[in-house]
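Here the structure is laid out as structure tokens; the discussion comes afterwards.
The numbers here are math on the coordinates, done by the rules we state, and not lab data. Worth saying up front: this structure is predicted, and the values here are computed from it rather than measured. So basically every Cβ, Gly included, is an ideal-geometry build from the backbone, and we count neighbours across all protein chains shown.
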Amino acid sequence: MTSVDPEGDDLVPLSALNTLLCCDRRAALRHLESLYVHNEHTRRGDSLHKRADRPGFEKRKGTRTERGLWIASRRLRLYGRADLVEFRREPGRKRPGVPLVETAYPVEYKRGRIRKWNNDDVQLCAQALCLEEMLGRPVPEGAVFHAQSQRRRDVPFTPELRAETERAVARLHDLLDSGRVPPAVKKPRCRGCSLVGHCLPDIFSHNRRVEALARNLFSPGLSDIRP
């Protein structure tokens, strides 16, 4: 990873990690080419997050909850807004003169069911790393709330998940620092991608097809018919 910008101008959105682990070409198109297109899946996701991360504050016995909390890490060069962070107070009665000890518990809202990929867990772990840097306290676990099942799934931030998150962060910065969009690779998940009409994996994932199209780009047979 490159050195940290002291002004913080090189910070990358936390959500880019999730995109990278789904498809590095999509991440490059989104964050290098500023290409963002909506489809039904992105609209539903935006609607969920519009409700979930609306800034607010709640307090109940032993826990205070912050919604839409901005977080960042200078070390990882990441920033973003956590959907929800619970600050859980350690059990026991508060004693005079003893500072209140709280442990952060981030919760990320996702529209669909549990996926077979761990991109959601890595994004959540990156939030925990940001919170640890900001608070100076360990964040041992968090949760992903799946809207389709209306259930939380606990995610412990194990050494293995932390290491995988650090590697993903390094790979994200390497990709963006290169300034290059990777070639297309046709995958099953391309079908639901909002950028499929711009990425064109059916064409650009086959070198021979691209070469044939390039050769015939200005062929009279492929040009528009004159009226």
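Sorting 109, 79, 36 on the 10 Å Cβ count, fewest up front, what's the list?
So the ranking, lowest neighbour count to highest, is 36, 79, 109.
Give the peptides 20-26, 138-144, 195-201 in descending order of average Cβ contacts within 10 Å, highest first.
20-26, 138-144, 195-201
Describe numerically, in nm with one decimal, the distance between label points set 7 Å from Cα along Cα→Cβ at residue 88 and at residue 202.
4.9 nm
Report the full-extension gain for the segment residue 152 to residue 10: residue separation times 0.36 nm, less the Cα-Cα distance, to one decimal in nm.
47.8 nm
Order these by the 10 Å Cβ neighbour count, fewest first: 157, 57.
So the residues, fewest neighbours to most, are 57, 157.
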